[in-house]
1. Would it be correct to say that Ala108 is surrounded by fewer than 20 Cβ atoms within 10 Å (Cβ to Cβ), in contact with a Gly (Cβ under 6 Å, 6 or more places away or on another chain) and assigned by TED's automatic domain parsing to the domain that holds Ile261?
2. Quick check on this structure: which one of Val321, Val329 is farther than 17 Å from Ile30 by Cβ, of a type in the set (Val, Ile, Thr) and not assigned by TED's automatic domain parsing to the domain that holds Pro420?
3. Test each condition in (1) in contact with a Ser or Thr (Cβ under 7 Å, 6 or more places away or on another chain); (2) farther than 19 Å from Gly294 by Cα for Ile155 and report the one that comes out false.
4. Checking His128 against (1) surrounded by fewer than 21 Cβ atoms within 10 Å (Cβ to Cβ); (2) within 27 Å of Leu256 (Cα to Cα), which single condition isn't satisfied?
5. Given (1) crowded, with 23+ Cβ neighbours inside 10 Å; (2) closer than 30 Å to Asn334 by Cα; (3) under 26 Å from the mean Cα position of the chain (by Cα), identify the lone condition not met by Ile122.
6. Looking at the range 95-106, which of the residues that are in a helix (DSSP H, G or I) and out of contact with any helix residue (DSSP H, G or I) (no Cβ under 6 Å at 6 or more places or on another chain) is nearest to Ile185 (Cα to Cα)?
7. Say whether the condition of being loosely packed, with under 11 Cβ neighbours inside 10 Å, under 29 Å from the mean Cα position of the chain (by Cα) and not aromatic (Phe, Trp, Tyr) is met by at least one residue in the range 407-420.
8. Looking for whichever is over 26 Å from Arg266 (Cα atoms) and within 28 Å of the chain's Cα centre (by Cα) here; the options are Asn391, Asn431. Which one fits?
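The values are calculated or read from the model by the stated rules, or taken from the named source; none is laboratory data. All of these numbers come straight from a predicted model, not from anything done at the bench. Here the Cβ positions follow ideal geometry from the backbone for every residue, glycine too, while neighbour counts run over all protein chains shown.
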Amino acid sequence: MKPGWLLPIFATVAAPAAAQDLTPAETARINAIVAQSLARTGVPSASVAIVRGGRIVFAKAYGKQSDTIPVARTDAKYPIASVSKQFTAAAALLLEDEGKLSLDDTVAKYLPGISGGDRITIRQLLSHTSGLQDYWPQDYSFAAMSNPTTPQGIIDRWAKNPLDFAPGTQWQYSNTGYVVAGMIIEKVAGMPLLDFLRARVFTPLGIAAIDQDLATGSGFPNGYHRYALGPVRVAQPAAPGWLYAAGELAMSASDLAKWDIARMNRTLLPADDWAAQETPVRLPDGSTNGYGLGVYAKEQDGHAYVEHSGEAVGFLSQNTVFPDDKAAVVVLVNGDFGDAQGKIASQIAALILPPPTTIATEATRAKQARAIFDALRTGTLDRATMTDDANYYFTPTALADYKTSLAPLGEPRSFELVRPPRLRGGFVNRNYRVTFANRAVNVVTYAEPGEHGRYEQFLIMPGE
């Protein structure tokens, strides 16, 4: 089960998605994207769910799920593997809300015998900064996985080895850390992790998740494998017990999309729990790779996104949420080779996210911003260009201060965008730098999307 795949998004800025169904042309394009990717890689099947405008607008399964499923079904449960980690993290956060544990508690408080347990915190387990050796770095089922195991068996073999680094000093993906976290959650909750999640998450959201060890046999997708470019073969599943809290869940693409909707709407969990999951951990030197608690949280080309991928024997998955756009893409495939799930997800994301703003739009926006800036230098403002909040901000006192402080600076020598626009809170943030003969100022704006969207904010601040 590998670290999350980093989604390449088209290199433009977009407005928030509208709550709309897919058009026939978009649906046809999605069908073509999936068909081409399956044909290119040889992966037998894919199940896709798409959220747009905060609701599921598309769910479809393609190809051969198994010899016992004649027609691909959208309700078929695929192992989601490491995408499960965000659910484990959510369970820990819910227990913290109840005062039953703290993410800053040490492992030793709950489990004895773990290497560095008196220094490793639950937060470090969930953020992959514990230093515990990963028990499954391979992209295949290794020899021991042909025999059943238990969480304690994994801990005894891997979590009692010397640490790979001092806790909190480095980042290294560790399935072992999640097994330890799962055992702590079960001890504190007084029930199996899956039962806790079913009661607190799955049943409220209408998600029919099961243990992936049980998602085998008639009625379930087979996993498939391929050696190099050879024939596609049925993969032998790992023996029971190997995924546990690091990746034990199986569900349909639509069920996973229900969780994504809860994330973007900040429902089910308290808002600060969602924020905690999506806050990237930072190492002592201040660096981060974007991983929070069970998810990557990043921004690319103006789009904030939260994502994780998953890998089980014979299966790969990709789950990507665009909270500001109210959109998500779930792709589950039953082949553990190629990158069908990643390619499908990235191409669908590029299709369903809102149309990008153009270079012409940015030129228009810069011209508008310069005009407003020049007006403020004279203490005037076209209030039709502002939202109600911005008009509330620009009191007579504010306008007078803008005039008296800016007018003496003279005519600007330059007015330039200092970084690419980005989405935040449903607005497009653009920052400008204005230089005068003897100093510079910064202009921080938030505007409604589109060429003529009103300004929610137009602040002028001292520059270096």
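1. Criteria met by Ala108.
2. Of the residues listed, the single one that is farther than 17 Å from Ile30 by Cβ, of a type in the set (Val, Ile, Thr) and not assigned by TED's automatic domain parsing to the domain that holds Pro420 is Val321.
3. (1)
4. Failing condition for His128: (1).
5. Ile122 satisfies every listed condition except (2).
6. Glu96
7. Yes, some residue in the range 407-420 is loosely packed, with under 11 Cβ neighbours inside 10 Å, under 29 Å from the mean Cα position of the chain (by Cα) and not aromatic (Phe, Trp, Tyr).
8. Asn431
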